[in-house]
């Protein structure tokens, strides 16, 4: 996987070593005279050699005892049997594993993703006395049941982890280019990457030339654990979609903006509009505020983004009477998102969703719209048909297209939603007779679109926080 080839010093019969080591990768750099103990230890401590391997256990013990008498100690001194049991993909040192577990607790790291299954391939069975850190790992192979004492949950690959975020991720030592690629790939998974670099390794030298926002080390006898953190400046904005003048100017919390949904062909209200740049503003009479959602996707770059309505705002209090000072603030939202991936409106429970849409839009238009939507989801996102059926036959959903989330999650949702919604809406308009249809019934595709956030959430692994919604009357 990672191409780690350990440099070894061999003590013992080479033929016997080769007959037992099999196809394990290694680079034999010498067969030293063990009587010259200082010279051997210098090779190990300098990083010139990864392991000193003894074919015979008795000879290994004798060398270790002699080394200790002279003040030398190194976990790199191992038997052939030990070497064969080490992970093939990376340098392994049991003492470093123990030190890392203890450091995770000392650093108060509560959630960790073990990307390369380091702990599952190591020798520990428990997290020692660390009851603080919740460790999940990625492993294509099933773990031994006892390893669940360390890794509470296992994923087959990074894609299966989805959008979950951790306080730190752990990766094993890589070549510099591979490290940089993985560090960048994990930017949405965690701000902190932990990795090991052997003494005088390529990676250790690489770190000396790189700048990180924070960089601390935990020294071991064979190298160091590096705790590498990047700080992405937070750019929070929560957009309140409207189609009319509101009393909110200058009264919403910092970080809020009003956006005029469906401004194309309408009078300018003086707000930001969804009819500039890449937009679908013309479809607003049929899709409601979803046209503003599309505009935000295509024309903004906020790192954290929310969406609400001119009459509905998130609040962290139980009192749903509207007061501006009780609207969810940027600080509150960012604090919640430290432990969750998305904030949504508390789930609505009532009639079946298909029945609710029929009540608003009539059976004929509802049936036509659903048929077309199913057709386009089948073409673009067939894995979501079961979730669509689940939601339409359910009495609950996350209403009003309201959410607050990080950019990568917002982008993923919009990419999914608009992979079928625009084309489906265009076909609906070409087939539906809307000549004398009341405006509310013309928005049938918008009512289906409102259910799509719930459809998407059903199929993606996100930690969801549900908040109350304040409702403003008479505007």
Longest to shortest principal axis, alpha-carbon extents of region 294-372, angstrom: 46, 34, 25
Rounded to two decimals, what is the ratio between the C-alpha radius of gyration of region 236-471 and 2.2 N^0.38 Å? 0.98
Cβ-based exposure ranking for 418, 83, 54, in which fewest neighbours within 10 Å come first: 418, 83, 54
Quotient of Cα Rg and 2.2 N^0.38 Å for region 7-85, N being how many residues it contains: 1.01
Rh_Kirkwood(region 94-229) over Cα pairs, Å, one decimal, evaluates to 15.1
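So for the chain, Kirkwood radius off the Cα pairs, Stokes-Einstein at 37 °C and 0.692 mPa s: how many µm² s⁻¹? Kindly include the intermediate steps, with their values, before the conclusion.
On the way: Rh = 26.2 Å.
So the translational diffusion coefficient is about 125 µm²/s.
Quote to one decimal, in nm, the extra length available between residue 57 and residue 134 on full extension: 0.36 nm per residue of separation minus the C-alpha distance between them.
Values: separation 77, 0.36 × 77 = 27.72 nm, distance 3.75 nm.
Full extension of this stretch gives 24.0 nm more.
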How big is the equivalent ellipsoid of region 212-268 along its three axes, where each semi-axis is √(5λ) from the Cα gyration tensor, reported in whole Å from largest to smallest? 50, 12, 6
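Ranking request for peptides 331-343, 400-412: highest mean number of other beta-carbon atoms within 10 Å first, then the rest in descending order.
Details: 331-343: 16.8, 400-412: 20.5.
Sorting 331-343, 400-412 by mean packing, highest first, produces 400-412, 331-343.
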Once you keep just the Cα pairs under 8 angstrom separated by 6 or more residues, what percentage relative contact order results for the chain? 12
What percent antiparallel are the DSSP beta bridges of the chain, to the nearest 5? 40
Rounded to the nearest 10 degrees, the helix 37-46 long axis (Cα) sits at an angle to the longest Cα principal axis of the chain of 10
In degrees, nearest 10, range 0 to 90: what is the angle between the Cα axis of helix 421-431 and the longest Cα principal axis of the chain? 30
If you build the convex hull over the alpha carbons only and average its shadow over all orientations, what do you get for region 218-321? Give it in nm² to one decimal. 11.1
Using the number of other C-beta atoms within 10 angstrom as an exposure proxy, rank 21, 55 with the fewest first. 21, 55
Helix 444-459 versus the longest principal axis of the chain: what is the Cα-based angle in degrees, 0 to 90, to the nearest 10? 20
Report D for region 143-211 in µm² per second (integer): Stokes-Einstein, Kirkwood Rh on Cα pairs, 4 °C, 1.567 mPa s. 94
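No value in this document is a laboratory result; all are computed from the given coordinates. None of these values were measured; they are calculated from a predicted model. Here the Cβ is made from the backbone with ideal geometry for all residues, glycine too, and neighbour counts use every protein chain on show.
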